[in-house]
Structure formats: structure tokens, C-alpha cells
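Throughout, read-outs are computed from the coordinates displayed, never taken from laboratory work. Everything numeric in this text was worked out from a predicted model, so none of it was measured. Ideal geometry is used to build each Cβ from the backbone, glycine not excepted, and the neighbour counts take in all protein chains shown.
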Amino acid sequence: MKKNRLIQFMIRLEKRTVEWKARNGLNILRVSLGLVFIWFGVLKFFPGMSAAEAIAGKTIYKLSFGLVKPPVSLPLLAIWECTIGFGLVFNRWLNLTLLLLYFQMAGTFLPLFFFPHETFASSILIPTLLGQYIIKNIVLLSAGIVIGAAVKGGTLTAHPEEKWPLTKTSLYPVFEEN
């Protein structure tokens, strides 16, 4: 009997935990993504502090056909990233904020194509440390996509099996309470 109660307690605890995650997960994701953008953006205001400084400057220089040099582009990029961060943290102007995020993310991937000799070692399967730094941005982009879906009405559901009958397979034994 005690084993059944323990199992029931664990099932209820897990259900509450999942409900909490569904209620709070998008806000946690939005704020944490915003803090990352603010942090990395602020670093670009100080020469030599950002690991992405050199490659970002070269990429913007190439994109602008040599018109925008790094001393100008890096503070602009810093403002851009901080704007994204503050928009996410304070939950303001999210449609514009996410548009800025998507364009910024597109720009972060360009060095993989513009400067493959710096972003990959001997093949595209072996990124350099700089390449790894760039490729991990797919996680930030994915977070932006999830937040973008929520802005347009998407939600996280604690119990999707209630909406989708095909997923009603139970992972836990069902015990009747006495």
C-alpha cells in the first residue's frame, strides 16, 4: 500500500511540475534569451571584450561592400543586440524585437559561408572553435522561433494527451485509490 501511495505522490508531483513548466517556461525562455542578447551586446561596446568582435566586423564590412567599417559596425551591432535583449526581457514590441532577432541571427550564420577557412578546419563536419561559437546560435534562433509562435497565440500544454487522443498511452501504471 505504501508503495502505491508513493507512486501516486510521484505521479501528482510530476504532473504539477509539468504544469508549472507549461505556465512559466515561455517567460523563462524569453527573459533568459533577452539576458544573453543584452550580455553579448554590451560586450561589443568595449573593444576586445567580445569573442565575436573580429568576425562580426569582417562580416558586416563584407555585407556593406566595404562601406561600414568595424569601428562603426560594432557599436551599431551592440545597440541592435541590446535592443533585442531589452525587448525580450521587458516583453515589449515583440513582433519588432523578433524581426530584429531573425535578421541578426541570419547575419551570425553568414561567416560560415563568407569565411569557411576560419569557421571550419578540414571539412564542414569539423568546425573550428569560432565555427562552433557560430553554429550554437541555432539554439538561440530556435528559442526565438518558439517565442514567436507564442506571440502569435501558440502555447505550451501541460497535458497534450487531452488535446491529442492518439497520444493517450500511459507511461505509468494506474492504481485505484482505496
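Summary table below
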| read-out | value |
| --- | --- |
| Test: Asn95 is under 22 Å from the mean Cα position of the chain (by Cα), under 25 Å from Lys136 (Cα atoms), loosely packed, with under 13 Cβ neighbours inside 10 Å and not hydrophobic (A, V, I, L, M, F, W, C) | yes |
| Options Leu100, Leu156, Leu94, Leu112; residue that is under 16 Å from Phe40 (Cα atoms) and in contact (Cβ under 8 Å) with a residue 12 or more places away in the chain | Leu100 |
| Search result, residues across segment 63-79 that are touching a Phe, Trp or Tyr at 6+ places or on another chain (Cβ under 9 Å), surrounded by fewer than 17 Cβ atoms within 10 Å (Cβ to Cβ) and closer than 26 Å to Ser142 by Cα | Leu63, Pro75, Ile79 |
| Residue list for segment 101-133, restricted to those being farther than 11 Å from Ile55 by Cβ, of a type outside the set (S, T, N, Q) and under 18 Å from the mean Cα position of the chain (by Cα) | Leu101, Tyr102, Phe103, Met105, Ala106, Phe109 |
| Single residue of Phe103, Phe90, Phe86 found to be within 25 Å of Leu35 (Cα to Cα) and crowded, with 16+ Cβ neighbours inside 10 Å | Phe86 |
| Pairs where the first residue, in segment 42-59, is without any contact (Cβ under 8 Å) to a residue 60 or more places away in the chain and the second is part of a loop (DSSP other than H, G, I, E, B) and exposed (fewer than 12 other Cβ atoms within 10 Å of the Cβ), C-beta under 6 Å, 6+ apart | Leu43/Met49 |
| Within segment 40-56, tally of residues that are of a type outside the set (D, E, K, R) and within 15 Å of Tyr133 (Cβ to Cβ) | 9 |
| Set Gly48, Gly41: member being more than 15 Å from Ile79 (Cβ to Cβ) and out of contact with any strand residue (DSSP E or B) (no Cβ under 7 Å at 6 or more places or on another chain) | Gly48 |
| Within segment 1-51, considering residues that are in contact with a Phe, Trp or Tyr (Cβ under 7 Å, 6 or more places away or on another chain), of a type in the set (A, V, I, L, M) and more than 21 Å from Gly148 (Cβ to Cβ), the one surrounded by the fewest Cβ atoms within 10 Å (Cβ to Cβ) | Ala51 |
| Helices (runs of 4 or more DSSP H) contained entirely in segment 61-152, each with at least 2 residues that are among the hydrophobic types (A, V, I, L, M, F, W, C) | 70-89, 94-114, 129-135, 137-151 |
